[in-house]
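This report refers to the structure that appears directly beneath it.
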Amino acid sequence: MSDFDESEWETVIGLEVHAELATRTKLFSSAPNEFGGEPNTNIDPVTLGLPGALPVLNEQAVELAIRVGLALHCTVQRSIFARKNYFYPDQAKNYQISQFDLPINIDGWIELPDGKRIGIERAHLEEDTGKSTHIGGGGRIHEADYSLVDYNRCGVPLLEIVGRPDLRNGDDAKAYVSELRAILVAVGASDGKMEEGSMRVDCNVSVRRRGETEFGTRCEVKNINSLRSLGRAINYEAARHVALIEAGEKVEQQTRHWDESEGRTHKLRSKEEADDYRYFPEPDLVELDPSAEWIERVRSELPSLPAQRRHDLVDRTGATPAQAGLIVERGLDALCIAAVDLGADGSRVVTHAEHNLADPRAVDLTPENLAKLTEMETGGDLSATQAKQVIAEMVETGASPVDIAKAHGFEAMDTDALATTVDEVIAANPDEWQRYCDGDGKLTGFFVGQVMKATKGQADGKAVSALLNARKS
Amino acid sequence: MSKRRSVGRCRDRSADSLGPEMNDRISKDDVEKVARLALLHLEPSELETFTGQLAAILDHASDMGQLDLSGVEPMTQPVPLSNVMRADEVGELLDRGDVLASAPCSEDGQFRVPPVLGEPS
Amino acid sequence: MTHDGATTYPTATAIAEAVAGGTLSASAVLDAHLARTAASEGTIHAFNHTDDDAARQRANEIDARVSAGEDVGPLAGVPIVIKDNICTKGVPTTCSSRMLDGWIPPYDATVVRKLAAAGAVTVGKANMDEFAMGSSTENSAFGPTLNPRDTTRVPGGSSGGSAASVAAGFAPVALGSDTGGSIRQPAAFCGLVGVKPTYGLVSRLGLIAFGSSLDQIGPLTHTVADAALVLDVISGHDSGDSTSLPTPAPRVSAHLDDGVAGLRVGLVRELMGDGIAPEVLASVNQAAEALVAAGAIVEEVSLPTIDYSLSAYYIIAPAEASSNLSRYDGVRYGLRVDAPTTGEMMERTRTQGFGDEVKRRIMLGTYALSAGYYDAFYGTAQRVRAVIRGDFDAVYNNVDVLLTPTTPTTAFKLAEKVSDPMAMYMNDICTIASNLVGQPSMSVPFGLDSDGLPIGVQLMAPTLGETTMFAAAAVLEAAQPLGSQLGSPRTLVANEGGL
């Protein structure tokens, strides 16, 4: 929810996402792509920027970049690397090798689960920096006594995915990041873990009055470490801009830092302190021009992507878009479709996948067992409650639903036995029964519950309701 | 040799033929800004000297404005190569102890530096 | 001190042959060179670092392997000097800068590994202009090197220590690096052969970068055959250098006797003008006549845009250097000058660690790349570079090699040009174009001036045209006036005492 009048103001958001690529080694050297452990152990002359060291491009990083590019519907093109020059102790050479004028991937788009398309301007390769720890002053950078630098992360391959300013609210921004993460994971390019920093989101926010065509002055917000923070930071920042403008002030173009605990952004620096990165073509590297064969080979090997999988799931099972989003995220879409192909009821399959299969081990279920389970339900052999218990054990043990049901003695109660139990329950609760007969609908649940309790959940809820209804008149 | 001409500096240097940007002489302010970007400190007398010297070099370089470069692609590398890559295989690493022993200052397996103020500049 | 032009030192070719053949020990060869070093290094100051014990140990090892019947390689027992911007594992490598004073590389440059595998014995690291920026070796933080041919004069630069060490007989071979003439100009000033190979022919891995798209490592030797021998050892593809050529390296040693019959040689009109000393021009013309006498066809050609080389070079090289040298910040290695914050520490370190010429070029390069000036300077310079390359390509449609002076003058006096950067830069006028276009060139001694100082003539060839270039160089060497160079391939065979 925003703290300003959304009918009057429109928020414009563009995201820059840095994803660490899941290679074995660094972008330009053969040191392992691993960090977080003992500091300065995965270092070589290139990582440390030693005099005389030279970069050589990691082919697998390019392969992953192409995979992501194609998955984002980008054009993969001839690209060159450039040096971005700035002094900072994390950056061993005091320049970062990135792509500037000619990035490897350009002009793509992402489809959100609700069908919106968000443009991708570019997705380019660059190297990560090392990490500084600030000692003293409570770990705050400005008050530290000194800092310690670990270069294990320096040189790790990153893909910077620059989205167009097509997003209009925090929820869409979150959906965009989720979708991007799903794509990165699906193509095996990155583990996409935002909290661990393997996917980092910088957020450009501006506001304008509805109907205006020009963009407002934007601020870039850094240090967003979760989807929740992303939504909060956008709402905070947009509200800040609206408040400034409504107070007759101007928004200054700034880079700002999101403070999760305070729930607000702080100014890091203004863009007037102009960055002059002195980009120029990296003379130690040659142009990268993937052949059409390479690109087509990668394209042919791409797995089915989340958007396509959602469409397929909706088409084949009748799932709602929201259900499809969740099921695809859990990776259960193929299972559901296969079960339906075996004759299972789509609606029951989807309901199970949505409500009863949050356990990550659910992906190991066989379509045959899932189909059998739904068949037992529709045939009246299992009540909904029993089915829930059976499916939980199926995930746990991998056993067939028939065996599990048998082991628990789950069998459909014959109608006579159920009728007897219903009558016993009515007899035991005369007051409630009277109120039920007088039309207190809330008591349906009470009686169904009592019957369930008496039958240890073996009864079919619908059958109980029918019996109760029959006895009322 | 039939025709002799002096090396280098005898061409017409009329200002008209120079690019507009290159025609502007580098100022002390420019040099100060550049020194700041390059993290070099200049004493006032050095600033004076360097400004004069850089101006002379840039004045000389401005003769490039006389050439018709329309349609000419920049040449970034002497021998054009493409797609030079290596397999994604782990290679030899440096020993941390050796590296830190030759570092100006280290602590706990890391490079120690004075407090860092603010974000990358 | 002026050297006697008749003094001769043994060549690498002769040494390697004798050591491999068991007629001479690597240790004896080394001792003779160390004795000369001990006698005159105090005056010349060619070295930043020597380690006689390590060299002796290495020579003993070579001798033991020869005794055991092993083939120790084409440079068996050849003493060699390495320019101090080429990384040597465990041996200080400073670029003649306070910034790297005391830094010890943890790895060897590819060329150093190749030399070791070929049986060479490293005797020391040569003085140079700081970070290879200069043409006189006066920009060394550790003091200038003097020219052994006349110690009141500079040896040239930036590979001045390399050139002086060979000219003084401290080693028959030195490696230099050439970004705009830094091998060829000191070779010319010291009466040596100096080669800048085709860009990408010799690996740059482990060469401390100055201008990455211009830098090449090459040999300085007494003779053309020695230069060929060394080039054949150090050239070839290196997967650790992305700009290394994937094609097989030409084997120049095999083509030294090809001769020049029918070879078309171009004399570059633009480099035969008034700015070149008459005695130098006379040598070039004499060299042209020598080639004609050997069957070549010499004609005048024009490289109309070569005059713009200096401008393009003094934008491109400093631009690349400004970025290459930003890693020297006091954080990871080398000098640190302490300060209360990291930013100030970096600034103080760089301010105190770099000399004036380095600062000048860093600022020039930073300016040329900075916002608002990139297109006017760096972008323009790279386009001019393409135009110059086009001129060369056109000329090579009609001729096989080019012949020019290496330098406008012979070796100048110490301190003569040190206060005028522009005058110093003009020294590179004949050599710079080869670096810009990435093509091979070499300086061959050809005659002396009236002061007895050596004159160098330059041969240039198209990309990977080394074999033709060396064949022409061999012809010039055979025809060179007496005293042009100090060594002679015949020395060792004729007189083993000539060690």
Please state which of the following conditions C:Pro408 fails to meet, knowing it meets all the rest: (1) in a loop (DSSP other than H, G, I, E, B); (2) closer than 30 Å to C:Asp329 by Cβ; (3) within 12 Å of another protein chain (Cβ to nearest Cβ); (4) touching a residue at least 24 places away in the same chain (Cβ under 8 Å).
(2)
Evaluation of C:Gly334 against (1) within 15 Å of A:Arg83 (Cβ to Cβ); (2) among the small types (Gly, Ala, Ser); (3) buried (at least 22 other Cβ atoms within 10 Å of the Cβ) (one fails), failing number:
(1)
A:Arg299 vs. criteria buried (at least 16 other Cβ atoms within 10 Å of the Cβ), of a type in the set (Lys, Arg), part of a helix (DSSP H, G or I) and not assigned by TED's automatic domain parsing to the domain that holds A:Thr217
no
Any pair with Cβ under 6 angstrom, 6 or more apart, that starts in region C:370-391 at a residue that is facing another protein chain (nearest Cβ under 7 Å) and ends at one that is surrounded by 18 or more Cβ atoms within 10 Å (Cβ to Cβ) and of a type in the set (Lys, Arg):
C:Ser370/A:Arg278
Mind checking whether some residue in region A:61-70 is in the same structural domain as A:Val149 (by TED's automatic domain parsing) and assigned to a loop (DSSP other than H, G, I, E, B)?
no
Can you name the residue in region C:396-416 that is surrounded by 20 or more Cβ atoms within 10 Å (Cβ to Cβ) and β-branched (Val, Ile, Thr) and, of all such residues, is farthest from C:Ala433 (Cα to Cα)?
C:Thr410
Tell me which residues, restricted to region C:273-303, are part of a loop (DSSP other than H, G, I, E, B) and either charged (D, E, K, R) or in contact with a helix residue (DSSP H, G or I) (Cβ under 6 Å, 6 or more places away or on another chain) (or both).
C:Asp274, C:Ala294, C:Ser302, C:Leu303
How many of the residues making up region A:100-142 are hydrophobic (A, V, I, L, M, F, W, C) and in a strand (DSSP E or B)?
8
Reported set for region C:411-434 where residues are assigned to a helix (DSSP H, G or I) and touching a strand residue (DSSP E or B) at 6+ places or on another chain (Cβ under 7 Å) is C:Ser434
Whichever residue in region C:234-253 is buried (at least 23 other Cβ atoms within 10 Å of the Cβ) and closer than 28 Å to C:Ala168 by Cα and, among such residues, is farthest from the other protein chains (Cβ to nearest Cβ):
C:Val252
Quick check on region C:118-125. Is at least one of its residues touching a residue at least 60 places away in the same chain (Cβ under 8 Å), within 12 Å of the chain's Cα centre (by Cα) and within 14 Å of another protein chain (Cβ to nearest Cβ)?
no
Being among the charged types (D, E, K, R), surrounded by fewer than 17 Cβ atoms within 10 Å (Cβ to Cβ) and under 26 Å from the mean Cα position of the chain (by Cα) narrows it down to one of A:Asp315, A:Asp289, A:Asp341, so name that one.
A:Asp315
Can you find even one residue in region A:165-177 that is of a type in the set (Val, Ile, Thr) and touching a residue at least 40 places away in the same chain (Cβ under 8 Å)?
yes
Any helices (runs of 4 or more DSSP H) falling wholly within region A:324-441 and containing at least 3 residues that are in contact (Cβ under 8 Å) with a residue 24 or more places away in the chain:
A:333-341, A:346-355, A:367-378, A:384-397, A:401-407, A:415-428
Give the residue, chosen from C:Gly295, C:Gly262, that is surrounded by fewer than 22 Cβ atoms within 10 Å (Cβ to Cβ), of a type outside the set (A, V, I, L, M, F, W, C) and closer than 23 Å to C:Gly456 by Cα.
C:Gly295
Output for region A:148-175, where each listed residue is surrounded by 24 or more Cβ atoms within 10 Å (Cβ to Cβ) and either of a type in the set (Phe, Trp, Tyr) or within 8 Å of chain B (Cβ to nearest Cβ) (or both):
A:Val149, A:Asp150, A:Tyr151
Any residue at all in region A:17-25 that is surrounded by fewer than 22 Cβ atoms within 10 Å (Cβ to Cβ), assigned by TED's automatic domain parsing to the domain that holds A:Asn223, of a type in the set (Gly, Ala, Ser) and under 29 Å from the mean Cα position of the chain (by Cα)?
yes
For A:Asp333, are the conditions met, namely being surrounded by fewer than 18 Cβ atoms within 10 Å (Cβ to Cβ), touching a Ser or Thr at 6+ places or on another chain (Cβ under 9 Å) and not small (Gly, Ala, Ser)?
no
The condition from (1) more than 7 Å from chain B (Cβ to nearest Cβ); (2) in contact (Cβ under 8 Å) with a residue 24 or more places away in the chain; (3) touching a Ser or Thr at 6+ places or on another chain (Cβ under 9 Å) that C:Asp329 misses is numbered (2)
Would you check if there is a residue in region A:98-114 being within 10 Å of chain B (Cβ to nearest Cβ), within 24 Å of A:Leu184 (Cβ to Cβ), under 32 Å from the mean Cα position of the chain (by Cα) and of a type in the set (A, V, I, L, M, F, W, C)?
no
Selection within region C:339-352 - more than 8 Å from chain B (Cβ to nearest Cβ) and surrounded by fewer than 24 Cβ atoms within 10 Å (Cβ to Cβ):
C:Gln352
Among the residues of region C:354-365, count how many are more than 7 Å from chain B (Cβ to nearest Cβ) and crowded, with 24+ Cβ neighbours inside 10 Å.
4
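Kindly indicate whether C:Val280 is closer than 22 Å to C:Gly456 by Cα, more than 10 Å from every other protein chain (Cβ to nearest Cβ), free of Cβ contacts under 8 Å to residues at least 40 places away in the same chain and of a type in the set (A, V, I, L, M, F, W, C).
Spelling it out, it is not the case that C:Val280 is closer than 22 Å to C:Gly456 by Cα, more than 10 Å from every other protein chain (Cβ to nearest Cβ), free of Cβ contacts under 8 Å to residues at least 40 places away in the same chain and of a type in the set (A, V, I, L, M, F, W, C).
Taking A:Asp90, is it acidic (Asp, Glu), closer than 26 Å to C:Ala368 by Cα and facing another protein chain (nearest Cβ under 8 Å)? Explain how you work it out, then say what you get.
Details: acidic (Asp, Glu): yes; closer than 26 Å to C:Ala368 by Cα: yes; facing another protein chain (nearest Cβ under 8 Å): yes.
In short, yes.
Give region B:56-91 a look and list any residue that's part of a loop (DSSP other than H, G, I, E, B) and more than 7 Å from every other protein chain (Cβ to nearest Cβ), or say none.
B:Asp68, B:Ser70, B:Gly71, B:Pro80
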Looking at C:Leu256, C:Leu214, which is the one that is touching a residue at least 12 places away in the same chain (Cβ under 8 Å) and within 14 Å of chain B (Cβ to nearest Cβ)?
C:Leu214
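Table: residues versus (1) on the phi < 0 side of the Ramachandran plot; (2) surrounded by fewer than 19 Cβ atoms within 10 Å (Cβ to Cβ); (3) at pLDDT 95 or above.
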{"residue": "A:Asn223", "(1), (2), (3)": "no, yes, no"}
{"residue": "A:Ser226", "(1), (2), (3)": "yes, yes, no"}
{"residue": "A:Leu230", "(1), (2), (3)": "yes, no, yes"}
{"residue": "A:Ile234", "(1), (2), (3)": "yes, no, yes"}
{"residue": "A:Ala238", "(1), (2), (3)": "yes, no, yes"}
{"residue": "A:Val242", "(1), (2), (3)": "yes, no, yes"}
{"residue": "A:Gln253", "(1), (2), (3)": "yes, yes, no"}
{"residue": "A:His266", "(1), (2), (3)": "yes, yes, no"}
{"residue": "A:Ser270", "(1), (2), (3)": "yes, yes, no"}
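The values are calculated or read from the model by the stated rules, or taken from the named source; none is laboratory data. Note that this is a predicted model, so its numbers are computed, not measured. All Cβ positions, even for glycine, are placed from backbone atoms using ideal geometry, and neighbour counts span all protein chains on display.
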